[in-house]
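Worksheet: one structure, shown below.
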Amino acid sequence: RPFPQVWDNEGCSHSVDITALGKHGDVYTEGPFACLAWSHSETRLLYVAEKSRPKRQPPCPWDVPGAVWLGAEDEDEEAVQQGKQFVYHEDWGEALSTRSVPVLCVLDLEGLSLSVLEGVPEHLSPGQALWSPDDHGVVFVGWWHKPFRLGLNACSNRRSGIFHLDLASGCCELLSAENASVCSPRLSPDGQRLLYLEGVVGGPHRQCLCLRMLTWQTRQTVMVLDVVQEPTEAFAGLYAEVLPPRCWAADSRRAVLGTPQRSRTDLLLVDTDTSTVTNLTAGSPEGCWELLTLQWDLLVATCSAPHHPPSLVVAVLPPAGQELPLVWVPVEDTPIVPGVTWKTLTVQPPCSGQGSAAQDTQAFEALLLSPSDGTPPHPLVVCPHGGPHAVFDARWRPSMAALCQLGFAVLLVNYRGSLGFGQASISSLLSRVGEQDVADTQLAVEQALHREPLDPHRLGLLAGSHGAFIALHLLTREPERYRACALRSPVSNLPALLGTSDIPDWRYTSLGLPYSSERVPCAEDVATMLLHSPISQAAQVQTPVLLCVGARDRRVSPTQALELYRVLRARGVPARLLWYPEGGHALAGVETEADVFKNCAHWLLQHL
């Protein structure tokens, strides 16, 4: 458990076992609520923890009727007597199952005291907190959790606001819009400006965001960067889940942030006075940049590419108007991995000729990784990403580079609906899941086969979540096209997810159906969902399928794969199911990731 230590020039000055004090539960060390902020006086620490509540008593070691566990605390016994020990407590869903009721906490190093702040409205769950400029209050993001909590992970469309809590009066003031989704408040070095990201409530689970700025003294907000519907060559919009913890330049006018820009993730410099954007990394050979910190105008970042593991680099930010060219100095460089080459393919959908909207013919992209060794044509592994509102940027992915070294070419498809290509592209997928995304993936495959030295008779699929949903549709539509398929946490039966997923709203929204918290499914809804579900056409599948699922997946129940596995086995299709007892939706963790990759690679080698 967290055991904070404070160090100064003379060594460790404070060491506090904060959870032992009993004021709160576990400290939030990661995720959307977590924070750790010094007061400007550097005497107090602000953080977020789970609200303290009586712990469920351990089971009685004696299997005797009426026996009582003597170690039970008084409050636990009271809960048992009142019938409360099994009351359901909501949480925030996938990857946040231990996050239920966050509270703001202050550790006072001078007064040697710990307090849980009061005054946060009961309908809000607070997080991402920082001190106000005068240390007399705290600024935080508050997520509405009434009437119930929906999954928060990878969902930037949940209602939330930026609030100021005055510590003296206990008054809590809403600083942002009343009905919006906001995150990442960042205070300028001079304490005069507060920058934050804002999106709309509902709709796509990830979206193009706008950048807003609040003037602290006047409480007036202005739009710095608006949502981009159609991308330009210079700027494709903001899609970052969070702003860097330190993103302001020393002049309190400029800020630097990282965001997908088509199939890259670049660092952008934003001038908040002029609302102009300068891409600091456009055209660099590295396809993914991440800002770690910006202090005293020293930029510290990492950069990587599909054949180049992350390198640590630094640069000094020049004065305003003189930012380019920016000179990056490597601090810790990594060598390029041999045997891997890559390129970006632009894919142009055909014009339907029926007065199509612009997004119907908007080009999208795919990243092609190829072995530089071996004799072409190479077998091709096709990978549509999950989400669906996500993106394959040109970053280092060890598993994809390893597939190249095993002799496979890999196609990472950013179908229309991916992040980084404008809000119109994202919105175009709503009501078209299972159609547009599937057609785009197949079109990317056809164009790659036409342009590159690839073997059309050795095609495989490797995907997870919504990407697995696309892959299953491809298997049902072209049963003899793909010779192997390896899937992680697959979506196969949409209506079955209504009662099992932490984001039931997405089941409606993705198909263009209205959603509200009071909504219950009707026969027409279920029929529409089933019509778009691969399970309804699973009898067409002939391709050998490997399924990898986590038993603790809250987003896509592992029973989705189990149902599919039974259908395939019953029809004599080669199928294998891997069930990871502690795995979540992402199947994360070193041992799990290694085992998943080993099995997927072996499956592809065996069948391709």
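The values are calculated or read from the model by the stated rules, or taken from the named source; none is laboratory data. Bear in mind the structure is a predicted one, so any value in this text is a computation, not a measurement. Every residue, glycine as well, gets a Cβ built from its backbone with ideal geometry; the counts of neighbours run over all protein chains shown. These accessible areas exclude ligands, DNA and RNA; they are computed on the full protein's heavy atoms, side chains included. Shrake-Rupley method; radii C 1.70, N 1.55, O 1.52, S 1.80 Å.
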**Nonlocal amide H pairs with Leu104, under 5 Å, H built at 1.01 Å** = Leu117
**Asked** How large is the charge dipole for the range 549-595, taken about the Cα centre, if only the Cβ atoms of Lys, Arg (+1) and Asp, Glu (-1) carry charge, to the nearest 20 debye?
**Response** 340
**Message:** Please report the carbon-and-sulfur percent of the accessible area for the range 376-416; probe 1.4 Å, protein heavy atoms only, DNA, RNA and ligands left out.
**Reply:** 59
**Message:** For the full complex of protein chains and a 1.4 angstrom probe, list Val228, Val413 by accessible area with the highest value first.
**Reply:** Val228, Val413
**Area accessible to solvent at Ser284, 1.4 Å probe radius, in Å²** = 20
**Asked** Can you give the accessible area per residue of the range 482-581, in Å², using a 1.4 Å probe?
**Response** 42
**Complete:** Subtracting the Cα-Cα distance of Arg477 and Ser399 from 0.36 nm times their residue separation yields 25.3 nm
**Message:** What does the C-alpha gyration tensor say about the overall shape of the range 544-608? Classify as rounded when a/c is under 1.5, otherwise prolate if a/b is larger than b/c, or oblate.
**Reply:** oblate
**Request:** Taking 7 Å along the Cα-to-C-beta vector as the label spot, tell me the Glu524-Arg571 distance in nanometres, rounded to one decimal.
**Result:** 3.0
**With all protein chains modelled, accessible area of Lys23 [1.4 Å, Å²]** = 100
**Complete:** Expected field for Trp579, accessible surface area in Å² at 1.4 Å probe radius, rounded to 10, holds 110
**Request:** Just give me a number: lysine pairs in the chain, eight or more positions apart or cross-chain, with C-alpha atoms less than 18 Å apart.
**Result:** 5
**Message:** Please report the antiparallel percentage of DSSP beta bridges with both residues in the chain, rounded to the nearest 5.
**Reply:** 80
**Request:** State, to one decimal in nm, how far the label point of Trp579 lies from the label point of Gln217, with both points 7 Å from Cα in the Cβ direction.
**Result:** 6.5
**Fill in**
With only helices counted (DSSP H, runs n ≥ 4, each -39500 (n - 2.57)), the per-residue ellipticity at 222 nm for the chain, to the nearest 500, works out to -4500 deg cm²/dmol
**Request:** Find how many whole Å separate the alpha carbon centroid of the range 535-608 from the alpha carbon centroid of the range 357-433.
**Result:** 21
**Shape of the range 241-372, Cα gyration tensor, a/c cut at 1.5** = oblate
**Prompt:** Tell me, what is the per residue accessible area of the range 238-315 in Å², probe radius 1.4 Å?
**Reply:** 33
**Message:** Quick check: with the 1.4 Å probe, what order do Thr441, Thr98 take by accessible area, largest first?
**Reply:** Thr98, Thr441
**Message:** Suppose each label sits 7 Å from its Cα in the direction of the beta carbon; what would the Gln192-Gln447 distance come out to in nanometres?
**Reply:** 4.8
**Request:** Starting from the residue with the highest accessible area, list Thr361, Thr341 in decreasing order, probe 1.4 Å.
**Result:** Thr341, Thr361
**Request:** Report the extension gain between Leu292 and Glu110 in nm, rounded to one decimal, defined as 0.36 nm multiplied by the number of residues separating them, less their alpha carbon distance.
**Result:** 62.5 nm
